[in-house]
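The values are calculated or read from the model by the stated rules, or taken from the named source; none is laboratory data. Bear in mind that the values here come from a model prediction, so they are computed numbers and not experimental data. FYI the Cβ positions are ideal-geometry reconstructions off the backbone, even for glycines, and counts take in every protein chain you see.
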Amino acid sequence: MTSDDFQKLVQEGIDVIPARFLARLSNVAFVVEDRPSAEQIEKKGTRRRSFLLGLYEGIPLTERGSEYGFVLPDKITIFKREIEDYAKDEKDIPDIVKDTVWHEVAHYFGMDEAEVREKEKRNKKRNRLR
């Protein structure tokens, strides 16, 4: 998949976030990288053989106080090659990208990993029932 095509998928993932959440995104940059750096893997505590599809780095919205300001943007990185390696085939990539974007935005809003995973389980269950 070309980098431009992948960037479009990331933008589509951002575009499907409900407007009430998009309106609250502030001082955050979305970035596409091929793979996480050694520092990002270490910081995240990811095992070497697992996939790191995306990463939120910054100060969650729930932790920003009145003194928050004049800081570099938070960063949500989506890892292209990790997602391509993780996908069963190219048809899976758009959904994986969309889910990864949502997952990292949830961290921006202050959800920890357990909360995000629980919410994902409920959403998948609800979608299967439709």
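Closer than 26 Å to residue 121 by Cβ and surrounded by 11 or more Cβ atoms within 10 Å (Cβ to Cβ): does that describe residue 89? No.
Tallying residues that are assigned to a helix (DSSP H, G or I), surrounded by 12 or more Cβ atoms within 10 Å (Cβ to Cβ) and touching a residue at least 60 places away in the same chain (Cβ under 8 Å) within segment 1-11 yields 3. Against the condition touching a residue at least 24 places away in the same chain (Cβ under 8 Å), hydrophobic (A, V, I, L, M, F, W, C), surrounded by fewer than 16 Cβ atoms within 10 Å (Cβ to Cβ) and more than 23 Å from residue 12 (Cβ to Cβ), how does residue 71 come out, does it pass? So residue 71 fits the description; yes.
Against the numbered list (1) part of a helix (DSSP H, G or I); (2) touching a Ser or Thr at 6+ places or on another chain (Cβ under 6 Å); (3) not aromatic (Phe, Trp, Tyr), residue 110 comes up short only at (1). Considering segment 44-56, and only residues there that are part of a loop (DSSP other than H, G, I, E, B) and modelled with pLDDT of 90 or more, the residue that is surrounded by the most Cβ atoms within 10 Å (Cβ to Cβ) turns out to be 53. Only one entry of 59, 41, 76, 14 meets the criterion of being modelled with pLDDT of 90 or more, part of a helix (DSSP H, G or I) and β-branched (Val, Ile, Thr), and that entry is 14. Scanning segment 12-38 for residues that are without any contact (Cβ under 8 Å) to a residue 60 or more places away in the chain and either under 17 Å from residue 99 (Cβ atoms) or of a type in the set (A, V, I, L, M, F, W, C) (or both) yields 15, 18, 19, 22, 23, 29, 31, 32, 38. Residues that are within 22 Å of residue 39 (Cβ to Cβ) and basic (Lys, Arg) were ranked within segment 77-93; the one that is farthest from the chain's Cα centre (by Cα) is 81.
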